[in-house]
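> The structure is given below, and queries will be raised subsequently.
The values are calculated or read from the model by the stated rules, or taken from the named source; none is laboratory data. Being a predicted model, the structure only gives us computed values, none of them experimental. All Cβ positions, even for glycine, are placed from backbone atoms using ideal geometry, and neighbour counts span all protein chains on display. Heads up: the accessible areas ignore ligands, DNA and RNA and are worked out on the full protein's heavy atoms, side chains in. Shrake-Rupley method; radii C 1.70, N 1.55, O 1.52, S 1.80 Å.
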Amino acid sequence: MYDYIIIGSGIAGVYTALLAAQHGRVLVLTKAALEESNTRYAQGGIAAAIAPSDSPALHLEDTLAAGAGLCDLAAVKLLTDEAPARIRDLLRYGVPFDRHGGEIALGLEGAHSARRILHAGGDATGRHIEKSLCAALRATDAEVNERAFVTELAVEGNRAVGVWVLNDGAEPRFFGGRNIVLASGGAGQLYTYTTNPAVATGDGMALAYRAGAQLADLEFYQFHPTALHLPGQPTFLISEAVRGEGAYLRNSAGERFMSRYDERGELAARDVVSRAIASEMLRSDQPVCLDLRHLDPVATYAHFPTIAAVCKQSGLDITRDLLPVAPAAHYMMGGVRTSSWGETTLPGLYACGEVACTGVHGANRLASNSLLEGLVFGGRVVQRTLERGAAWPERLALAPDFAPDLELAAGINHEDAKARRPDEVQPPTLANLQELMWQHVGLERSAAGLTSAADTLSCWHDGLAEPHSVAEHELGNLVQLGALVAQAALARRESRGGHFRSDAPTTDSAWRRRIVTQGLRAEG
Ligand code: SIN
């Protein structure tokens, strides 16, 4: 029996494990190698108000503005107040943040009112954080089980008590734990174009749903405006920090078009920039380009060595050539609903990092708040387990000024879907799922597209054979999660933050409420 079973090894999982290892027996389960996670690919950095001219209050204001009315104020206050202390923790673990004249260098990103983005190795922030934290973890007594895929959470009575784990080819094995922590990251693989690595298949959200926990805000997905867009090449993130340093966006006519869409120009919120790029691409049938040619080349290479190297492999010099870019799925604001202590609605189960929905992002995440969220709420999970032991709150704390949640009781409505879809559907492959989600549950949505996508996903879900391999489990999780995302997006008949409905393009104050999806636990 472990005191802590931690699922996932990005910043949230590894930091939680490091703290937990000071207090009990820890098992970290990760489905690839320890250092492989979304965190590793984070470029821009981690936000914290550490400059003398900045303050947690300003960071809070910017986070709330990005969240478009749906942030949980108390959670955001914790996030922004605790940020400087968590940065000091990273420094203690040896993260080599970039410095300028001895002081930590601070970058700027979209919708931030101050320079507050810490970075390391220029655009290799995630890689450095992951490396430092994993090295520290390996020096503790925590057990690390790599290539370990969690197929189900074990629930007894109304409490999570362990996990079933598939290690290469073997039958699933059971591990019991007093505290189970989901830190398994996001679900970018729902979409054809994504900045996320192959491991981001939404497993934690699907596990929690099947164990009967609540999920929230599933309709809010953030599309990063600028992923390198070259035919036949994998999607690759071009950090927002590039625009923070002054890069321009130009359409196929060479025009800097962003001022036509938003007075903040290239540094408008991500959903605004993404839709502006999509609209320019639709108009001309040509890609939009990032232009860094007017920036100091020496500084540009120094700030963005990873981006420069990847572009070079495709024959592009970032200081001389225009870089074709397009939006790509980047970050899921919704997830497993938690209190500000990371407690889910299923006793014994905690969640932190991208898999969780703490309410800090609301309808849209402010750039560089995600690495921070993993630290702040990972730390709070461990604090809570020490203070409260096995006790569990009666109910989760909710933002007090919101209208009541809209609860989607039966997540996947199979009977209705079957009745509406007598025609032949494509087979449920990963590529078909991603294409369906990209077309109908992506940057721009409508009732017709969402209904058709939800029906197809529901039929796929019913028709999937019992999974045996990791790839089959992952596909099943993505189909299940995709159906829940489509249903939440269909229910929200307005546009807000990362959710844009072409048939309801404005924000409606009556919709200042959260959509909560109740998990369904299979009997037996
Ligand atoms: C980026 O570098 O643009 C990504 C940063 C983030 O998503 O927080």
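> Suppose only helical runs count, i.e. DSSP H with n ≥ 4. What mean residue ellipticity at 222 nm does that imply for the chain under -39500 (n - 2.57) per run, divided by all residues and rounded to the nearest 500 deg cm²/dmol?
-10500 deg cm²/dmol
> Same structure, new question: Once you put a point 7 Å from the Cα of Ala431 and another 7 Å from the Cα of Asp321, both along the Cβ direction, what distance in nm separates them?
2.6
> Find which of Phe97, Ala431, Met258 sits farthest along the positive direction of the dipole of the chain, computed with +1 on the beta-carbon of Lys and Arg, -1 on that of Asp and Glu, about the Cα centre.
Highest projection toward the positive end goes to Phe97.
> Follow-up. Using a 7 Å offset from Cα along Cα-Cβ at Ser53, what residues in region 111-145 end up with backbone N under 17 Å from the label point?
Counting backbone N atoms under 17 Å from the label point, the list is 111-118.
> Are there DSSP H segments in the chain that both extend 30 Å or more along their axis (alpha-carbon positions) and score a mean Kyte-Doolittle hydropathy of at least 0.0? List them, or say none.
Working: long enough: 470-491 (32 Å, 0.95).
Membrane-span-like by this criterion, though nothing is claimed about a membrane: 470-491.
> Could you please tell me the mean projected area of the C-alpha convex hull for region 444-524, averaged over all directions and given in square nanometres to one decimal?
Mean projected area of the Cα convex hull: 6.6 nm².
> Still on this structure, please answer the following. Sorting check: for 101-107, 348-354, 235-241, which peptide has the highest mean count of neighbouring beta carbons within 10 Å, and how do the rest follow?
On the way: 101-107: 14.3, 348-354: 30.0, 235-241: 25.0.
The packing order, highest mean first, is 348-354, 235-241, 101-107.
> Mind putting a number on the dipole of the chain about its Cα centre? Charges go on the C-beta only, +1 for Lys and Arg and -1 for Asp and Glu, and I need it in Debye to the nearest 20. Write down the numbers at each step before the final one.
Values: 47 positive and 61 negative charges, 139 e Å.
Charge dipole of the chain: 660 debye, to the nearest 20.
> Given the convex hull over the Cα atoms of region 62-124, what projected area results after averaging over all orientations, in nm²?
Dividing the Cα hull surface by four gives the mean projection, 5.1 nm².
> Now for a separate question. Could you sort the peptides 79-85, 335-341, 224-230, 384-390 by per-residue average Cβ neighbour count (10 Å cutoff), highest mean leading?
335-341, 224-230, 79-85, 384-390
> Which aspartates and glutamates does Lys31 reach when only Cα atoms under 17 Å apart count, and residues fewer than 8 places away in its own chain are ignored?
Glu130, Glu143, Glu146, Glu152, Asp168, Glu171, Asp203, Glu354, Glu472, Glu474
> Express the carbon and sulfur contribution to the solvent-accessible surface of the chain as a percent, rounded to the nearest whole number, probe 1.4 angstrom. Kindly include the intermediate steps, with their values, before the conclusion.
Values: 10450 of 19960 Å².
Solvent-exposed carbon and sulfur of the chain make up 52 percent of the total.
> Turning to a different aspect of this structure: Based on DSSP, what percent of beta bridges with both residues in the chain are antiparallel, to the nearest 5? Write out the running numbers ahead of the final one.
Numbers: 41 of 63 bridges.
So the antiparallel bridges in the chain amount to around 65 percent.
> Could you work out the local net charge near Phe149, counting Lys and Arg as +1, Asp and Glu as -1, over the other residues with Cβ closer than 12 Å to its Cβ?
-3
> Across every pair of different alpha-carbon atoms, what Kirkwood hydrodynamic radius in Å does region 17-136 reach? Please list the in-between numbers first.
Working: mean 1/r = 0.0638 Å⁻¹.
Every distinct Cα pair counted, the radius reaches 15.7 Å.
> How large is the charge dipole for region 460-515, taken about the Cα centre, if only the Cβ atoms of Lys, Arg (+1) and Asp, Glu (-1) carry charge, to the nearest 20 debye?
Computed charge dipole of region 460-515: roughly 580 debye.
> Label Arg256 and Arg521 with points 7 Å out from Cα along Cα→Cβ: what is the distance between them in nm?
Here the modelled spin labels are 5.7 nm apart.
> Could you do me a favour and compute the accessible area per residue for the chain, 1.4 Å probe, result in Å²?
Here the residues of the chain average 38 Å² of exposed surface.
> Same structure, new question: Ala114: net charge of surrounding residues, Cβ under 12 Å, Lys/Arg +1, Asp/Glu -1, itself excluded?
Combined, the nearby Lys, Arg, Asp and Glu give -2.
> If you rank Met281, Met1, Met333 by how much accessible surface each has, with a 1.4 Å probe, what is the order from largest down?
Result, largest first: Met1, Met281, Met333.
> Follow-up question, since we're still on this one. Report the Cα centroid-to-centroid distance between region 299-372 and region 491-524 in angstrom, as an integer.
Cα centroid to Cα centroid, the span is 22 Å.
> Shifting gears a bit: Report D for the chain in µm² per second (integer): Stokes-Einstein, Kirkwood Rh on Cα pairs, 25 °C, 0.890 mPa s.
107
> Mind checking which of Leu34, Gly69, Gly110 is farthest towards the positive end of region 26-127's charge dipole, using Cβ charges of +1 (Lys, Arg) and -1 (Asp, Glu) about the Cα centre?
Going by the Cα projections, it comes out as Leu34.
> Right, something else. Taking Cα pairs under 8 Å and at least six residues apart, what relative contact order does the chain come out at, in percent?
So the answer I get is 21 percent.
> Have a look at region 202-308 and give its Rg and Dmax from the Cα atoms, expressed in angstrom.
Calculated on Cα positions, Rg and Dmax stand at 17.2, 54 Å.
> Next question, about the same structure. Give the distance, in whole Å, between the Cα centre of region 89-115 and the Cα centre of region 269-294.
28
> State, to one decimal in nm², a quarter of the convex hull surface area for the C-alpha atoms of region 76-200, i.e. the direction-averaged projected area. Please report the intermediate quantities before stating the final value.
Values: hull surface 47.3 nm².
Its average projected convex-hull area is 11.8 nm².
> Using a 1.4 angstrom probe with every protein chain in place, what is the largest-first accessible-area order of Tyr261, Tyr2?
Order by accessible area, largest first: Tyr261, Tyr2.
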